[in-house]
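Each remark here refers to the structure printed beneath this line.
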Amino acid sequence: MELTTSKKGDFTVAAISGRIDTTNYNEFETQIMDIIGKGENNIVLNCENLNYISSSGLRVFLITQKKLMGSKGKLHLCNMQPAIKEIFDISGFSSIFKIFDNEEEALV
Amino acid sequence: MQKHFNIKNNIQQLPLLAEELEKMGEEWELDMPLVTNLNLVLEEAISNIVFYAYDDEREHEINIAAEKNDNKVVITITDDGKPFDPTKKETPDVSLSAEDRQIGGLGIFLIGKIMDTVQYKRENEKNILTLIKLL
């Protein structure tokens, strides 16, 4: 798993690549919490190159959402691969998150 | 077609499992999304075993057997941990909003959603979990 961040307008865009599983979800969590800890309140997670996620990774998405809701921030997801979207649908996560087709639409 | 692999009760072995499944997927000509889903299901089941099945500090072996025929893939996971029936676990309410959603409880739920049949039995002091996916 790798996270590449950039600043675009009011948002910090974090592009995730690789796998988020039980062996590395805490790394993902630490990096996301670091971004929030620096005061970034509006985050886009670009999932274009995220090709696997298990429940431990989904948990980090939920924790991030709860945290940003608490600070009136925004968490937008985009470019999700169909297989990952399916897991979000099954988990009921698709209705919890704002999911956009592309990064441009997510930057609002 | 049959395949067997063993992994230790160490979470760092999960990448090995992913490799084995990828090889199996190629040999058995399974779709990539199916291989990914089987990987997910196995990760959820095995991480539960690794985290909760053992109270001792000893090394244990978890046995995975996979079988494919014309219309299904059957995966059997056997461990010698304490009795645990995942089919009896309470399912999370996936219709709740983010505020009300509990962190956790998703792993076993995903197994049940992805697979067509999930069966559990306790035999000879072992947990045997059988997971079936129709093709």
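Points to keep in mind about this one:
For (1) over 15 Å from A:S17 (Cα atoms); (2) surrounded by fewer than 20 Cβ atoms within 10 Å (Cβ to Cβ); (3) away from every other protein chain (no Cβ under 11 Å), each residue gets a yes or a no:
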site: A:G37; (1), (2), (3): yes, yes, yes
site: A:E48; (1), (2), (3): no, yes, yes
site: A:G57; (1), (2), (3): no, no, no
site: A:F61; (1), (2), (3): no, no, no
site: A:K74; (1), (2), (3): yes, yes, yes
site: A:F88; (1), (2), (3): yes, no, no
site: A:S91; (1), (2), (3): yes, no, no
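- Residue list for the stretch B:62-96, filter: among the small types (G, A, S) and open to solvent by less than 50 Å² (accessible area, probe 1.4 Å): B:A65, B:A66, B:G81
Per-residue answers, yes or no, for (1) crowded, with 20+ Cβ neighbours inside 10 Å; (2) within 14 Å of chain B (Cβ to nearest Cβ); (3) in contact with a helix residue (DSSP H, G or I) (Cβ under 8 Å, 6 or more places away or on another chain):
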residue: A:I20; (1), (2), (3): yes, yes, yes
residue: A:Q31; (1), (2), (3): no, no, no
residue: A:E40; (1), (2), (3): no, no, no
residue: A:I43; (1), (2), (3): yes, no, yes
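- Meets criteria (within 10 Å of another protein chain (Cβ to nearest Cβ) and either modelled with pLDDT under 95 or on the phi < 0 side of the Ramachandran plot (or both)) for B:V94: yes
- Considering the stretch B:50-67, the residues that are of a type outside the set (A, V, I, L, M) and in a helix (DSSP H, G or I) include one that is farthest from the other protein chains (Cβ to nearest Cβ), namely B:Y52.
- Only residues that are outside any strand (DSSP E or B) and touching a residue at least 60 places away in the same chain (Cβ under 8 Å) were counted across the stretch B:107-135, and they come to 7.
- Every condition in (1) facing chain A (nearest Cβ under 9 Å); (2) of a type in the set (G, A, S); (3) under 22 Å from B:H4 (Cβ atoms); (4) more than 11 Å from the chain's Cα centre (by Cα) holds for B:S47 except the one numbered (4).
- Look at (1) surrounded by 15 or more Cβ atoms within 10 Å (Cβ to Cβ); (2) within 28 Å of B:I11 (Cα to Cα); (3) at the interface with chain B (Cβ under 8 Å from one of its Cβ atoms) and you find that A:P82 fails only one, number (1).
- Within the stretch B:17-36, tally of residues that are in a helix (DSSP H, G or I) and surrounded by 14 or more Cβ atoms within 10 Å (Cβ to Cβ): 10
The values are calculated or read from the model by the stated rules, or taken from the named source; none is laboratory data. Since we're looking at a predicted model, the values are computed, not measured. Every residue, glycine as well, gets a Cβ built from its backbone with ideal geometry; the counts of neighbours run over all protein chains shown. What goes into the accessible areas is simple: the full protein's heavy atoms, side chains included, and nothing from ligands, DNA or RNA. Shrake-Rupley method; radii C 1.70, N 1.55, O 1.52, S 1.80 Å.
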